[in-house]
Structure formats: C-alpha cells, structure tokens
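Have a look at the structure below before the remarks.
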Amino acid sequence: MKLFTPLLVITFLAFAVAPCAHAQEKSADSSAITAKLKQMENDWAKALQNKDHAAVGNMVADDFSGFNSKGKHRTKSQLVDEIKNETDTLSSSENDKMDVHVYAPNLATVCGISTEKGKDKDSKEFTHSYAWVDTWMERNGKWECIAEAVMQFPEKK
C-alpha cells in the first residue's frame with residue numbers, strides 16, 4: 001500500500017501536467033506560425049510594391065480563390081495578371097494591425113490593413129488603404145494563401 005500511494009500521486013500529477021505541457025507546445029507552434037505568416041504578408045506587400053508577380057504567385061496556391069478590392073472574383077492566374085498589368089507605381093506598401101488566428105497546425109487566417117502610396121498612370125499621387133483577410137494553409141511543408149478578400153477604404157477628402 002505504501003508503494004501504491006506514491007505511484008498514484010505520480011500518475012495523477014502526470015495526467016494533470018500533460019495538458020499544460022501540450023498547451024505550451026501548441027502556443028509555441030502558434031507563435032512560430034504567427035511570425036511566419038506575418039513575414040509572408042510583409043513579403044507580399046513588398047512584392048506588390050516591386051511588381052514582383054512571381055513572388056506573389058509563389059505564395060498563392062494553385063487553387064486560390066479570392067475577391068479584389070473592387071469585389072471582383074479572381075483566381076491565381078487572374079491575381080498574377082493584375083500585378084503584371086498594374087499601371088500604378090507604388091512608392092510604399094505597408095501592412096498594419098495584422099491579426100493571425102491559427103485554427104490548426106496547417107490552417108490560419110491573417111486579417112490586416114494595408115496602405116499603399118504612389119502615383120497612378122497619369123502621375124497623380126495617391127494613398128489607398130485596404131482591409132483584408134487571407135486564409136493560409138500549409139501543404140507539403142509550404143504555406144500557401146488559399147483564399148483572400150480585400151476591401152478598399154473610402155478616400156479621405
């Protein structure tokens with residue numbers, strides 16, 4: 001009986017501590033995913049500024065589906081074509097207030113606000129701000145954006 005009591009206590013403690021250790025592990029995974037996706041979103045913003053359609057194309061899944069700021073549905077090829085044919089020249093493209101929600105080890109959303117400054121095809125300066133949400137999935141060890149929705153804020157007067 002004396003041997004049984006310590007074993008019972010040790011067993012009980014193991015079951016009590018295991019969920020805490022698992023939660024810490026999940027939290028660490030979540031932190032790493034959050035950092036990775038925020039970096040990818042910032043890389044995407046820089047790629048838009050540089051009109052680097054290949055970089056964006058590399059971040060977007062082949063089965064991507066989304067809506068641009070004008071409410072038009074677009075596929076991966078349409079998104080890449082929009083970047084290729086963009087007539088605006090961006091001097092800056094910055095993300096702000098990014099909020100990452102990790103739903104599973106391979107699935108997350110990122111909500112944020114982007115501000116772009118530049119000149120249009122007539123050399124008129126502009127500042128555009130957008131709210132957006134991207135859905136990311138890790139497939140075969142690579143994070144890809146599988147869906148996106150973008151909304152442009154009204155211009156300030």
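The values are calculated or read from the model by the stated rules, or taken from the named source; none is laboratory data. Nothing here was measured: the structure is a model prediction, and the numbers come from that model. When the accessible area is computed, the model is the full protein with side chains, heavy atoms only, and any ligands, DNA or RNA have been set aside. Shrake-Rupley method; radii C 1.70, N 1.55, O 1.52, S 1.80 Å.
Could you sort out which of Lys70/Lys156; Lys46/Lys117; Lys97/Lys121; Lys46/Lys76; Lys84/Lys124; Lys38/Lys142 sit more than 23 Å apart by Cα distance in this structure? Please report the intermediate quantities before stating the final value.
Working: Lys70/Lys156 18 Å; Lys46/Lys117 12 Å; Lys97/Lys121 29 Å; Lys46/Lys76 18 Å; Lys84/Lys124 20 Å; Lys38/Lys142 15 Å.
Where the Cα-Cα span goes over 23 Å, the pairs concerned are Lys97/Lys121.
Between rounded, prolate and oblate, where does region 29-94 land on the alpha carbon gyration tensor, with a ≥ b ≥ c its root eigenvalues, rounded for a/c under 1.5, else prolate if a/b exceeds b/c?
Since a/c reaches 1.5 but b/c is at least a/b, the shape of region 29-94 is classed as oblate.
Once neighbouring chains are kept in place and the probe is 1.4 Å, which whole percent of the accessible area of region 28-157 is contributed by carbon and sulfur?
50 percent
Could you state the accessible area per residue of region 54-108 in Å², with a 1.4 Å probe and every protein chain left in place?
Value returned for region 54-108: 58 Å² of accessible area per residue.
Report, in whole Å, the centroid distance computed from the Cα atoms of region 106-131 and region 78-99.
Cα centres, region 106-131 to region 78-99: 6 Å.
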